[in-house]
Every structure is written in structure tokens, then in C-alpha cells.
Amino acid sequence: MYDGLVSARPDYVTKNALTSGDLTNYEYIFSTGNYNKYTGAKRDPDPAIVKPTILLTSGVHGYERSAVVSLYLLMRDLCSNNYALTDLINYVNIRVIPVGCPCGYTNNSRLNANGVNINRNFATSRS
């Protein structure tokens with residue numbers, strides 16, 4: 001589904017592999033960059049300004065597929081409404097990881113390939 005957004009809106013949406021192998025995981029990046037490819041006009045007044053990034057994830061519990069579809073519907077609707085998407089990503093970059101646990105998604109399980117529930121396994125640091 002998400003690959004269709006890349007095909008339909010290559011000016012806004014790119015795809016990046018996060019892992020490799022049989023269960024490759026991807027992120028989709030929604031961003032205007034610093035120019036409009038149709039007009040050549042700069043969107044950001046200063047390309048040195050770093051826009052904040054919003055990270056949206058779903059599919060952390062592989063068998064909870066409705067979140068993956070819901071996130072797709074949100075991003076599809078933003079892509080179909082040029083003004084809403086442009087207004088949003090002029091100010092922020094959006095990174096979407098639609099399937100946080102591809103093994104769980106493939107096997108209809110909460111566990112990754114190592115038998116770990118990644119929703120309960122976030123790194124922490126103490127300073």
C-alpha cells in the first residue's frame with residue numbers, strides 16, 4: 001500500500017530500507033525537501049534550518065493489522081489533499097515506519113524473529 005504513495009507522490013514521499021534480508025523493514029519519508037520540483041521555487045527560506053521530525057510507527061504487534069492500515073489511510077488522505085500535506089511538511093518532516101515488527105506481521109504474532117516482544121523491549125539510559 002505504502003509503495004503506491006511513493007509512486008503517486010515521488011515529489012513528497014521516498015522509501016528507505018532500514019534492514020535487509022527476508023524480513024526487510026522500511027520507512028517512508030514525507031518531506032518537501034528544499035524545493036518544489038514542478039516550479040523550482042524554494043520552500044524553505046533557509047536550507048540550513050533543520051525542520052523537526054515526527055516519527056509515526058505501527059505494526060509493533062504484528063497481529064494488530066488495523067493500525068498499519070489506519071496509518072496508511074492517514075498518509076494517503078494527506079497525499080490526496082495537496083494543500084494539507086504541503087502545509088504540514090513545509091514545517092516538519094514525517095517519517096513513517098508502517099510495520100515495526102515485520103516478522104510478527106508476517107507470522108501474525110507479537111514476537112520478532114528472536115522471539116522478543118519489541119513493544120516491551122525499548123532501550124533506556126540512565127544518566
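The values are calculated or read from the model by the stated rules, or taken from the named source; none is laboratory data. Fair warning: this is a prediction, and the values are worked out from it, not measured in the lab. Backbone-built Cβ (ideal geometry, glycine too); neighbour counts: all protein chains shown. When the accessible area is computed, the model is the full protein with side chains, heavy atoms only, and any ligands, DNA or RNA have been set aside. Shrake-Rupley method; radii C 1.70, N 1.55, O 1.52, S 1.80 Å.
Does GLY33 qualify as being touching a Pro at 6+ places or on another chain (Cβ under 8 Å), modelled with pLDDT under 85 and open to solvent by less than 60 Å² (accessible area, probe 1.4 Å)?
When the stated conditions are applied, GLY33 does not pass them.
Where residues in segment 79-92 are out of contact with any helix residue (DSSP H, G or I) (no Cβ under 9 Å at 6 or more places or on another chain) and in a helix (DSSP H, G or I), which of them is surrounded by the fewest Cβ atoms within 10 Å (Cβ to Cβ)?
Out of the qualifying residues, it is TYR83.
Going through ARG76, ARG95 one at a time, which residue ends up being modelled with pLDDT of 85 or more, open to solvent by 70 Å² or more (accessible area, probe 1.4 Å) and touching a helix residue (DSSP H, G or I) at 6+ places or on another chain (Cβ under 7 Å)?
ARG76
So for segment 38-45 (the condition being charged (D, E, K, R), modelled with pLDDT under 80 and in a loop (DSSP other than H, G, I, E, B)), does at least one residue qualify?
Yes - at least one qualifying residue is present in segment 38-45.
Please specify each residue of segment 55-73 satisfying the condition of being surrounded by 15 or more Cβ atoms within 10 Å (Cβ to Cβ) and not hydrophobic (A, V, I, L, M, F, W, C).
Once the filter is applied, which keeps residues that are surrounded by 15 or more Cβ atoms within 10 Å (Cβ to Cβ) and not hydrophobic (A, V, I, L, M, F, W, C), segment 55-73 yields THR57, SER58, GLY59, HIS61, GLY62, GLU64, TYR72.
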